[in-house]
Amino acid sequence: MFDCGEGTTRQLIICNNVSPRNLRHIFITHLHSDHYFGVPNMLYFLSSQDCDFDKTIHLYGPLGIKKYIRNALGSTHNSQKMMANLIIKELVGPRTSKEHVQSYMKHLPRKLPFENSKDNIKDLIYRDESMSCYNVTTIGNNVIQAAEIDHLRAFCVGYVIKEEDRRGAINAELLQSKYNLKPGKEYGLLKSGQDIVLDDANKTIIRSSEVCEPTVEGKKLVILGDTSNPYNISGIARNCDMLVHESTFEDEMKDECISRGHSTPTMAARFARDVNAKKLIITHFSNRYKDTQKLLGQARRTFNNTEAANDFDLFDV
Ligand SMILES: [Zn+2]
Ligand SMILES: [Zn+2]
């Protein structure tokens, strides 16, 4: 789950398409109320869903989220009854001083009874300076990274979910019939993309491309927090299959939109085009819009393969 506003738990309960029972990871883009006030409620709801004591819920977000969760859940009497384990990891903003981090850690409220956080450096995620992005975590075959994007003075990130590339299958039948090569370490080399030289009189070369199916590239999904300029994430967002980008106000309100830290449909569409995204989903519309047709039309003028996300919509990546 990416971001969790105050109504998210209710929406999840009445949504028929998604089961909350499988939810294990929550990622927060920034600490503005519409993006994280729903987390305590969601955690309580998730842990009350079944009696699976081994269930661990991982929460990731900017430095400050742990303090908020502990204050919110530490003061409720029924937090003792929560059954899931909770691990909170915080992203440290690039301009956050060492002193601030130390003082924050020192003054954190008491750990929650069901929390498995370490409360030391292991719970902090710092930016990898060589790549100027955060290596957040790996879930199964998916690597999750983040990078800061501009949103007023808030430390705000976008997340990139990249599925591992899948190596193509090896044609063992061909290797045995044509080259008389039995399964062994050569198979591994060929599968990893290397060509090999056989130890026969002709020094026969076997090309990996001849005996292996092509590699299937993993999908890439990019989900941005609020932003008036996301270009800092371009490097890891490039060639994504799907980009989820806010479009808070219409093009005619561009100046006001930027001064509030947000984007217009055309700004989102330009970014989608510039990072060579395959599909754009616009979201986070101001509640002044009763329907999204106007905003969608504006985005499509620059980037045709755009959809506007309405509640409960499902999109295939
Ligand atoms: Zn915001
Ligand atoms: Zn927002």
Directionally averaged projected area (convex hull, Cα atoms, the chain), nm²: 21.4 nm²
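Please give the contour-minus-distance gain from D255 to L198: 0.36 nm per residue of separation, less the Cα-Cα distance, rounded to one decimal in nm.
Gain on stretching D255 to L198: 13.9 nm.
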Karplus-derived 3J(HN,Hα), 6.51/-1.76/1.60, for each residue of the stretch 224-231, Hz, glycine and proline x: 9, x, 4, 6, 10, 6, x, 4
Packing-based ranking, highest mean first, of 37-46, 241-250, 255-264 given that Cβ atoms within 10 Å are counted: 241-250, 37-46, 255-264
Extension gain, N305 back to M131 (0.36 nm per residue minus Cα-Cα distance, nm): 59.7 nm
Relative exposure of L12, L112, judged by other C-beta atoms within 10 Å (fewest first): L12, L112
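Highest first, please rank the peptides 122-129, 3-10, 291-298 by the mean number of other Cβ atoms sitting within 10 Å of their residues.
Most protected by this proxy first, the peptides run 3-10, 291-298, 122-129.
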Charge dipole magnitude, Cβ of K and R +1, D and E -1 - the stretch 1-120, Cα centre, debye nearest 20: 340 debye
Length released on extending from I139 to A169, taking residue separation times 0.36 nm less the Cα-Cα span: 8.5 nm
In range of the label at L152: residues from the stretch 1-33 whose backbone nitrogen is under 17 Å from the point 7 Å along Cα→Cβ: 5-6, 29-33
Relative contact order (%) - criterion: Cα under 8 Å, at least six apart; region: the chain: 11 percent
Structure-based [θ]222 nm, the chain - -39500 (n - 2.57) summed over DSSP H runs of at least 4, per residue, nearest 500: -7000 deg cm²/dmol
Ordering of 158-171, 217-230 by packing [mean C-beta count within 10 Å, highest first]: 217-230, 158-171
Farthest toward positive dipole pole in the stretch 150-253 [+1 Lys/Arg, -1 Asp/Glu at C-beta], among N232, T204, A169: T204
Charge dipole magnitude, Cβ of K and R +1, D and E -1 - the chain, Cα centre, debye nearest 20: 600 debye
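Every read-out reported here was derived from the displayed coordinates using simple, explicitly stated rules and does not represent laboratory data. Values in this document were obtained by computation on a predicted structure and should not be read as measured data. Every residue, glycine among them, receives a Cβ derived from its backbone with ideal geometry; neighbour counts consider all protein chains shown.
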